[in-house]
Structures are given as C-alpha cells and as structure tokens.
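A quick write-up on the structure given underneath.
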Amino acid sequence: GECQADGCRADLSALPRYNVRNHICLEHKAAEAFLKQGAEVRFCQRCGVAHPLGEYDGLKRSCRRMLALHNSRRRKS
C-alpha cells in the first residue's frame, strides 16, 4: 500500500497494521497538515481518515465531530 499523501512514496509494509489499513505513513499521520488530491488535510486519529483542516479546532488530532461525540459521552455519566 501507499501513503494517501500526495507524492509520498513511503513504504508502509514495515509499519503497524493501523498505518497500512489507513494508508498513512508515520510522517503524515503526525503531520499538522498534508496535501491529499491537492487539498490541505490532517489525519484524524479517531476516524482514521484525513479531513480538511476546517474540521479541526486548532492543532487537535481529532475532528470536531468526533470530539463532540466523545465529550457528550463523557458528560452523560
């Protein structure tokens, strides 16, 4: 498999299954932003998908939707 970031040729085969399954190399998984099909995105740790930067607050690694879900679950108890 190949990393989903534009122009990234990283070999994913040596990486954990998570990276292979989500087509993300270590560098782009940790990146603040990268280009995917020409759009600026960030990899979401909760969804396992790259979303546009507008779906994140600040430099958070989880998109707003997932954080909202997480927080609503926490508030219930």
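The values are calculated or read from the model by the stated rules, or taken from the named source; none is laboratory data. Remember, it's a predicted structure, so these values are computed and weren't measured experimentally. For neighbour counting, all protein chains shown are included, and Cβ atoms are generated from backbone atoms with ideal geometry for every residue, glycine included. The area values use the complete protein model at the heavy-atom level, side chains included, leaving out ligands, DNA and RNA. Shrake-Rupley method; radii C 1.70, N 1.55, O 1.52, S 1.80 Å.
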Legend entry - Residues of region 48-77 classified as within 16 Å of Ala30 (Cα to Cα), open to solvent by less than 50 Å² (accessible area, probe 1.4 Å) and out of contact with any strand residue (DSSP E or B) (no Cβ under 9 Å at 6 or more places or on another chain), total: 2
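Table: residues versus (1) in a loop (DSSP other than H, G, I, E, B); (2) in contact (Cβ under 8 Å) with a residue 12 or more places away in the chain; (3) in contact with a Gly (Cβ under 9 Å, 6 or more places away or on another chain).
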{"site": "Arg9", "(1), (2), (3)": "yes, no, no"}
{"site": "Ala14", "(1), (2), (3)": "yes, no, no"}
{"site": "Val20", "(1), (2), (3)": "no, yes, yes"}
{"site": "Glu27", "(1), (2), (3)": "no, yes, no"}
Inset, instruction - Give the residue that is farthest from Phe34 (Cα to Cα), with candidates limited to residues of region 1-18 that are surrounded by 13 or more Cβ atoms within 10 Å (Cβ to Cβ) and hydrophobic (A, V, I, L, M, F, W, C). - result: Leu15
Inset, instruction - State all residues of region 24-47 that are touching a Leu at 6+ places or on another chain (Cβ under 7 Å) and open to solvent by 60 Å² or more (accessible area, probe 1.4 Å); if no residue qualifies, say none. - result: Leu26, Glu32, Glu40
